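Contents: one structure, followed by commentary.
The values are calculated or read from the model by the stated rules, or taken from the named source; none is laboratory data. Nothing here was measured: the structure is a model prediction, and the numbers come from that model. Cβ sites come from the backbone with ideal geometry, for glycine too, and all protein chains shown count toward neighbours. Heads up: the accessible areas ignore ligands, DNA and RNA and are worked out on the full protein's heavy atoms, side chains in. Shrake-Rupley method; radii C 1.70, N 1.55, O 1.52, S 1.80 Å.
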Amino acid sequence: FELPDAGRDVQIEWAPGGWRRSKMDDNESVALAVGGAGEVTIRWQPRREEVPANQLVSVDQALLVDVQDSGIHLRGQFHYRVAQGAVRKLELRVPAGLAVRAVTGADVADWSVAVEEGENAVRRLEIALKAETRTGTDIDIDAFMLGQEPIGPVTVRTLEPIGVTRETGRIVIGCSGQFHVRIAETSNLGQIERQGVKVPASTETLCELLSAYRYTARPWTLDVVIDRTQPRLVVSGRTAGAITSERVTMHAALEVA
């Protein structure tokens, strides 16, 4: 469906397959999947201006620093709580050397990375919600560190929410079996028991959780040193021989771990 003009607030009901909005030139449209017969309600209105001074928003982050052969991934879940006012757009500061790969959530309509021009260019991740929220929402963000090999000293850089009154979080460091990660230095972080800390799951099935930390305010720093362990290969085999009057047949089974 094409909207009468761009920049409208849109609300859609009875769309079990979800929906998304897209923009081309000056035209904006919404697309939704229809899985069966039923009534779909679409509402639109001029977008209301937000008044940040009347907003009280806090956020709690659960972050997995995932060290893999493909690089250093940052898989974070942000739980926003709105105590006062209403929120339609979320913003996070993207530090240099960090790239955003995916933003998901039940309330996410679309997202983009904007760059402020100037001597000290600042990149902002802008997330538009499907509807104005007065309670809160959960956002999952998958990012990774650009140009950073998973080896040697690494300073962990993360997304920073903008326009919130309070931010807390938990950070868990994990890696695959061929890496060893040790902590070089931390500041404004308190170490906690890693068991029971809920963080986004790794895409690797062999990701081992090493240590966990908690912060209650920014700024904080986390420096780690990543080493690659020596490969270890264990092979066990079973061989069977069958002797007949015509031939000798050998069957071998090798198990590699």
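Name the residue, out of D110, D25, D227, whose mean-square fluctuation peaks in a Gaussian network model built on the chain with Cα pairs under 10 Å.
Comparing D110, D25, D227 in a Gaussian network model of the chain, the most mobile one is D25.
Ordered by packing density, taken as the mean number of other Cβ atoms within 10 Å over each peptide's residues, highest first, how do 126-133, 217-224 rank?
Taking the mean over residues of other Cβ atoms within 10 Å, the ranking is 126-133, 217-224.
Suppose every K and R has +1 on its Cβ and every D and E has -1 on its Cβ; what is the size of the dipole of the chain about the Cα centre, in Debye to the nearest 20?
Working: 29 positive and 35 negative charges, 137 e Å.
With Lys and Arg at +1 and Asp and Glu at -1, about 660 debye.
With Rg and the Kirkwood Rh both taken from Cα atoms, where does Rg over Rh land for the range 160-230?
1.00
Can you compute the modelled spin-label distance between D9 and A201, with each label point 7 Å from Cα toward Cβ, in nm?
The two pseudo-label positions are separated by 3.7 nm.
Please report Rg (one decimal) and Dmax (integer) in Å for the Cα set of the range 94-172.
Using the Cα atoms of the range 94-172, the pair Rg, Dmax is 14.4, 44 Å.
May I ask you to derive the FRET efficiency for N27 and A217 from their Cβ-Cβ distance with R0 = 41 Å, giving the value to the nearest 0.05?
0.40
Along the Cα→Cβ direction, 7 angstrom out, place labels at V248 and A128. What is the inter-label distance in nm?
Spacing of the two 7 Å Cα→Cβ label points: 7.6 nm.
For the range 162-257, give the magnitude of the charge dipole about the Cα centre (Cβ charges: +1 Lys/Arg, -1 Asp/Glu; no others), in debye to the nearest 20. Mind dumping the intermediate values first?
On the way: 11 positive and 9 negative charges, 42 e Å.
The dipole magnitude comes to about 200 debye.
Report the residue, chosen from A114, A62, A143, that carries the largest GNM mean-square fluctuation when the chain is represented by alpha-carbon nodes joined by springs under 10 Å.
Result for the chain, Cα springs under 10 Å: A114 fluctuates most.
Where the eigenvalues come from the Cα gyration tensor of the range 71-128, what are the semi-axes √(5λ) of the equivalent ellipsoid, largest first, in whole Å?
With the √(5λ) rule applied to the range 71-128, the semi-axes are 22, 16, 11 Å.
Please name whichever of T135, V122, G169 sits farthest to the positive end of the charge dipole of the range 92-210, dipole taken about the Cα centre and charges placed at Cβ: Lys and Arg +1, Asp and Glu -1.
G169
Rolling a 1.4 Å sphere over the protein heavy atoms, what is the accessible area per residue of the chain, to the nearest Å²? Please list the in-between numbers first.
Details: 15560 Å² over 257 residues.
With all protein chains present, the chain gives 61 Å² per residue.
Per 5 Å bin, what is the whole-percent P(r) computed from every C-alpha pair distance within the chain?
Spelled out per bin, shortest first, that is 1, 5, 10, 13, 14, 13, 11, 8, 7, 5, 4, 3, 2, 2, 1, 1, 1, 0, 0.
Answer with one residue from I151, V34, G241: the one whose Cα lies farthest towards the positive end of the charge dipole of the chain, charges on Cβ with Lys, Arg +1 and Asp, Glu -1.
After comparing all options, I get G241.
If I model a spin label as a point 7 Å beyond the Cα along the Cα-Cβ vector, how far apart are those points for Q45 and Q178 in nm?
Each label point is offset 7 Å from its Cα along the Cβ direction, giving 5.6 nm.
Give, as a single signed number, the net charge of other residues whose beta carbon lies under 13 Å from the beta carbon of T104, with Lys and Arg counted +1 and Asp and Glu -1.
Net charge in that neighbourhood comes out at -1.
Please list, or write none, the lysines whose alpha carbon is within less than 16 Å of the alpha carbon of K89, excluding same-chain residues fewer than 8 places away.
The qualifying lysines are K130.
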